[in-house]
Amino acid sequence: MEKVIFEYHSQSTSYVPAADPQAAKKHIPVEYLGVEEVILPQVSEQDVIRHFTALSKLNFGVDNGFYPLGSCTMKYNPKINETVADFDGLAGIHPYAPEECVQGALQLVYELEGFLKEVSGFAGMTLQPAAGAHGEITGVLLIKAYHQQNHPEQKRTVILVPDTAHGTNPATAALAGYQVRQVKSDDQGDIDLDDLQRNLGPDIAALMLTNPNTLGLFEKNILEVSRQVHKSGALLYGDGANFNALLGLIKPAELGFDVMHFNLHKTFSTPHGGGGPGAGAVGTIKELTPFLPVPQVIKKGKKYFWKHQQANSIGKVRSFYGNFLIAVRAYAYFFALGAEGIARVGRQAVLNANYLKHKLENYYPVPYGRTCMHEFVMTPHHDWAVSTLDIAKRIIDYGFHPPTIYFPLIVHEAMMIEPTETETKETMDTFVNALGQIAAEAVQNPELLKKAPLTSPVGRIDEARAGRQLILKYEKGRDAR
Amino acid sequence: MDYIGNTEADNKDILRELGIASTEDLLKDLPQDRIIRQRLGLPPAASEFEVKTQLRKIASQNSSVADFACFLGAGAYDHYIPSTVPVITKRGEFYTAYTPYQPEISQGTLQSIFEYQTMICNLTGMDVANASLYDGATALYEAIHLACEHTQRNIILVAKAIHPEYRQVVHTYLKNSRIIIKEIPFLAGLTDLAALKSQLTDQVAAVVVQQPNFFGCLEPVQQLGAMSHEQGALFITSVYPVSLGVLQKPAEYGADIVTGEGQSLGLPVSFGGPYLGIFACRQEFMRKMPGRIVGESIDNRGQRAYVLTLQAREQHIRRERATSNICSNEALCALSACVYLSSMGAAGLRDVATASLSGAHYLANAIGRIPGWKINFKTAFFNEFVATAPGNIEALNRRLLRKNIIGGLPLEKYYPELKKSLLFCVTEKRTKTEIDTLVSILKENR
């Protein structure tokens, strides 16, 4: 294992001219100044580079291999996106530079919003949210503002979420001050229409729905769902985490969604960065556009402007305008694929997932077996002496990233697999072979799986110990061992 | 171009294997009349060369800090970024990974976050830091949320001298909630202590200030902290991390929760994002913190290893009872900060802070001597200050642009009372020549 950077000691390299050490005292009263020196690593550039290069080798990304993490859409991150995001004219622009200095940036925001509107069917769009969950809270605040503006006398205090929903949906609804009520799924894996009907009423503000849902299934009653929701006076929120399945195939607004977030870091090829930064654009139908966050980019003639004033706007959800350099990458992706390429994405993602499901069904049960969209959920056989966790860890030994595990919650021992459109048949075949061997091992040598992974830089980690010892920072002499 | 790897032959093999004639056979659950049949209204597909040309064209319509001497700050700072930072963050093993749910093959991300948490704790003097939030504004909101949950009180006193956009974000989140926000005015550039005292009751959950504040002025934090604690309120600050290269640590002046915008630690100004939300606090609030936290443990081979910990606070476990709804954060930006601070070291960070404040004081002194100009607040400041011009400031900023200088930020939009006032910022990147050129043009403004 690699040392902690604080355990290195070498001569620091200097990057800026040395400053007069007395200058701070000259200008700033001493009571504002720090007494003791901050403890930071003191290391040479060579050590910095070796340390972080060593750490990078302990990581696994899409660039390292197949990463079928369900609901996370780990598609290939094109390198041109990274190149253009580094251009001085994009990375080096100050958010408060006058509008005449940032016409290109405003054009990019304006056009990307247009592209997103085109593939989603929505009338309004904002790029301000920094992530998917941030888009969710933005969307739910839009819904809240809409209800308050249009019928302040109503008491819509509850948001419905299906039992297959991502954890962010109920967490978001609660954060926005709503009570959360769960709607059941039926035996087909769709939202249970009867249970939905029972729950809809004058107290419901919205239903938050992911389509395809987290079982990877298209909600085949979606038009009926949206009809019922709207009839009750509620709105339909779309969680766009799984939008890759529908890209170029169907527009969510045409299915009855009123507001929806889009994860640029899933569907539009921007990298996940080891957990972020992403971006969570939000689209809305016309009736909700007056509530969108400010500022919005507008175009007059050939010039672009910020529009800061909008009477009914919910306000701002983030400083400045969102994760602009992520938007730059998504723009490059749209521009590369164009109308022809975008039309292929959803279809290819669906084709790949069905192929993988078809092949893996030979070894693993798939509880909701109908045609899937971009992902599917399978489990170990119930008579195997190994768990999903054991299988996931063994997958690491075969050189792949494991799928999403133990989610959705309604499937016992779930493994959620999403290949995306960028993976080849050849890669998927290699994965299928490995999973076939693991299935055999599960029967013949379950102990092997319980010990896995054997080839990774570290073995299974004692999570309970981490929670007990709570070593959350480096302190000299303190060590979990 | 697209990034689909399968050849047409591969797809035909797949269809044959599935026993279907076309991908359309997989779409039977979809309402057929809603499937897109016409060409999308998007540009035609382009080669990589054409994509690059298009983005170059767009970039050329912008004025960047690479070509202009930038005197804008206000939450986005043009500091020097060592070459080490992009070299590391551009490694595919880091930037193409997901959240480290599988720790055995994510030790790179996990250990770098652990090191980042350590550095943030060391800079602020706090006990614990999380793995990052979206930005300085949302981090401030999360701190307020925590304070209300912890104290079970519902009034928040927010200094008006906090970044206007941060206050706007807090308002957006808390509108129509049970939490009441009261703004405390400023007097001579600093939070008005008498006004604060009159509002500070035992119903106040937290007092929230920025250090240095939006005007660059140094707030009397020691006093503010003591006043807050006297009423049992928490003391929350939003900090500019580079300033901590010379300024007192928030722990030393009694901060309970420290938030901040981490952009200054190795991230470009980027037209406002991606940035880095810093969040650190005292041990007492650890289990109420938002976001990911990395902890040290051991693996089954006895090696030191890192995992996401205290996950019972988070949305994927706790759902509607989670401390926050955050899932994706700004991990790669935290890595940038980690590499930045490792490269600079304490001495380098002190040099950056010192050079920035020295340049700002040199500029303020020069502006103060221009007839007709005035420095608004006669109080200690870091690397930003407010100055008021005798003449038209829009015309002035246009004239500066023609000399490749981006001037100060006009403040009237945010504070109507600050007419003809500009917020100037100086970082270590501004040379004496650039500052002198700026001053010579300011002299023409009457």
All aspartates and glutamates inside 20 Å of A:Lys184 as judged from Cα atoms, apart from same-chain residues fewer than 8 positions distant
A:Asp163, A:Asp192, A:Asp194, A:Asp195, A:Asp203, A:Glu219, A:Glu224, A:Asp239, A:Glu413, B:Asp29, B:Glu320
Convex hull volume of the Cα atoms in region A:363-481, per residue, in Å³?
153 Å³
Going by amide H atoms built from the backbone, whose H comes under 5 Å of the H on B:Gln210, apart from near neighbours?
B:Ser238
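How charged is the neighbourhood of A:Ile314? Take every other residue with its Cβ under 11 Å from the Cβ of A:Ile314, and add Lys/Arg as +1 and Asp/Glu as -1.
Around A:Ile314, the surrounding residues sum to +3.
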Just which residues of region B:315-340 lose 50 Å² or more accessible area with every protein chain there, against their chain alone, with the probe set to 1.4 Å?
B:Arg319, B:Glu320, B:Asn325, B:Ser328
Principal axis extents for region A:296-343, Cα atoms only, whole Å, descending order, please.
39, 28, 18
CD proxy, 222 nm, chain B: helix-only mean residue ellipticity via -39,500 (n - 2.57) per DSSP H run with n ≥ 4, per residue, nearest 500, stands at -11000 deg cm²/dmol
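Report the GluC sites (Glu not before Pro) located in region A:381-481 that are in a DSSP loop and have at most 16 other Cβ atoms inside 10 Å of their Cβ, or state none.
A:Glu475
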Across the alpha-carbon set of chain B, Rg over Rh with Rh taken as the Kirkwood radius works out to 1.04
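Counting only other chains, what is the mean number of Cβ atoms within 10 angstrom of the Cβ of each residue in peptide A:75-81?
Shielding by partners across A:75-81 averages 4.
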Amide H contacts under 5 Å for A:Ala281, placed H, 5+ residues apart
A:Phe262, A:Leu264
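What's the average, rounded to a whole number, of partner chain beta-carbon atoms within 10 Å of each residue's beta-carbon in A:346-358?
On the way: counts 3, 7, 7, 1, 4, 11, 6, 1, 8, 9, 1, 1, 4.
That average works out to 5.
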How much of the DSSP bridge set in the protein assembly as shown is antiparallel, in percent, rounded to the nearest 5?
55 percent
What accessible area per residue, rounded to a whole number of Å², is obtained for chain A using a probe radius of 1.4 Å?
33 Å²
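In peptide B:286-298, what is the residue-averaged number of other protein chain Cβ atoms found within 10 Å of each Cβ?
Numbers: counts 2, 1, 0, 1, 0, 1, 2, 3, 4, 12, 14, 13, 10.
For this peptide, the per-residue mean of nearby foreign Cβ atoms is 5.
Before I look further, what does region B:205-302 give for accessible area per residue, probe 1.4 Å, in whole square angstrom? If you can, show how the numbers build up before the last one.
Values: 1930 Å² over 98 residues.
Ligands and nucleic acids excluded, the figure is 20 Å² per residue.
How would you rank B:237-247, A:169-179, highest first, on the average number of other Cβ atoms within 10 Å across their residues?
Values: B:237-247: 26.2, A:169-179: 23.9.
For the peptides B:237-247, A:169-179, the packing ranking is B:237-247, A:169-179.
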How are the C-alpha pair distances of the protein assembly as shown spread across 10 Å bins, as whole percents from the shortest bin up?
2, 12, 22, 26, 21, 11, 4, 1, 0
Cα axis of helix B:221-230 to longest principal axis of chain B: angle in degrees, 0 to 90, nearest 10?
80 degrees
Pairs of Lys in region B:84-339 closer than 25 Å at Cα, counting only those 8 or more apart or on different chains:
10
Skipping prolines and chain starts, which residues have an amide H placed within reach, meaning under 5 Å, of the one on A:Val183, given they are 5 or more residues away or on another chain?
A:Val161, A:Asp163
Under the definition of Cα pairs under 8 Å and six or more residues apart, what whole-number percent is the relative contact order of chain A?
19 percent
Which of the trypsin sites (Lys or Arg not before Pro) across region A:75-175 are loop residues per DSSP, with 13 or fewer other Cβ within 10 Å?
A:Lys155
With the charge dipole of the protein assembly as shown built from beta-carbon charges (+1 for Lys and Arg, -1 for Asp and Glu) about the Cα centre, the Cα from B:Leu363, B:Ser112, A:Cys372 projecting farthest to the positive end belongs to B:Leu363
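Loop sites only, by DSSP: take the GluC sites (Glu not before Pro) in chain B that have at most 16 other C-beta atoms within 10 Å and name the longest stretch containing none of them.
B:1-411
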Going through A:Lys117/A:Lys231; A:Lys316/B:Lys419; A:Lys79/A:Lys302; B:Lys403/B:Lys432; A:Lys266/A:Lys302; A:Lys307/B:Lys413 one by one, the pairs whose alpha carbons sit over 21 Å apart turn out to be A:Lys117/A:Lys231; A:Lys316/B:Lys419; A:Lys79/A:Lys302; A:Lys266/A:Lys302
Would you kindly find the accessible area of A:Asp479, with a 1.4 Å probe and non-protein molecules such as ligands, DNA and RNA excluded, rounding to the nearest 10 Å²?
50 Å²
Could you check the spin-label model distance between A:Gln11 and B:Arg321? Points 7 Å from the Cα along Cα→Cβ, value in nm.
5.8 nm
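What is the interface area between chains B and A, defined as buried accessible area summed over both chains with a 1.4 Å probe, reported in Å² to the nearest 100? Don't skip to the answer; put the middle values down first.
Numbers: alone 22950 and 24170 Å², together 30340 Å².
Interface between B and A: roughly 16800 Å².
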Excluding same-chain residues fewer than 8 positions from B:Lys12, which aspartates and glutamates have a Cα within less than 19 Å of its Cα?
A:Glu421, A:Glu423, A:Glu426, A:Asp429, B:Asp2, B:Glu24, B:Asp25
Under the Karplus relation with 6.51, -1.76 and 1.60 and θ = phi - 60°, whole-Hz ³J(HN,Hα) for region A:19-35, x at Gly and Pro, equal 9, 4, x, 7, 4, 4, 5, 5, 9, 10, x, 4, 5, 8, 8, x, 8
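For region B:290-446, which whole-number percentage of the solvent-accessible area (1.4 Å probe, protein heavy atoms only) is attributable to carbon and sulfur atoms? Intermediate results must be reported in sequence, preceding the final value.
Values: 2790 of 5360 Å².
After summing per-atom areas, the C and S share lands at 52 percent.
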Provide the per-residue ³J(HN,Hα) series for region A:178-193, in order, calculated from phi with Karplus coefficients 6.51, -1.76, 1.60 and θ = phi - 60°, each as a whole number of Hz, with x at glycine and proline positions.
9, 7, 10, 10, 9, 10, 6, 9, 8, 6, 8, x, 8, 5, 6, 5
Farthest positive-ward along the protein assembly as shown dipole, Cα basis, beta-carbon charges - from B:Phe94, B:Gln199, A:Thr284:
B:Gln199
How large is the dipole of chain B about the Cα centre if only Lys and Arg carry +1 and Asp and Glu carry -1, each at its Cβ, rounded to the nearest 20 debye?
1340 debye
Scan region A:5-97 for GluC sites (Glu not before Pro) in coil per DSSP, keeping those whose Cβ has at most 13 other Cβ atoms within 10 Å, and list them by number.
A:Glu36, A:Glu37
Calculate one ³J(HN,Hα) per residue across region B:26-31 by plugging θ = phi - 60° into the Karplus curve 6.51 cos²θ - 1.76 cosθ + 1.60, and present them in order as whole Hz with x for glycine and proline.
8, 10, 6, 6, 7, x
So what is the calculated 222 nm ellipticity per residue for chain A, using -39500 (n - 2.57) for each DSSP H run with n of 4 or more, over all residues, to the nearest 500 deg cm²/dmol?
-11000 deg cm²/dmol
Just the number, please: carbon plus sulfur as a percent of the accessible area of region A:1-109, 1.4 Å probe, no ligands or DNA/RNA counted.
51 percent
Of the residues A:His412, A:Ala19, A:Gly238, the Cα lying farthest along the dipole of chain A towards its positive end, which is defined by charges on the beta carbon of Lys, Arg, Asp and Glu, belongs to A:Ala19
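The values are calculated or read from the model by the stated rules, or taken from the named source; none is laboratory data. Here the structure is a predicted model, which means the values were calculated and not measured. So basically every Cβ, Gly included, is an ideal-geometry build from the backbone, and we count neighbours across all protein chains shown. Please note that ligands, DNA and RNA were not included when accessible areas were found on the heavy atoms of the full protein model with its side chains. Shrake-Rupley method; radii C 1.70, N 1.55, O 1.52, S 1.80 Å.
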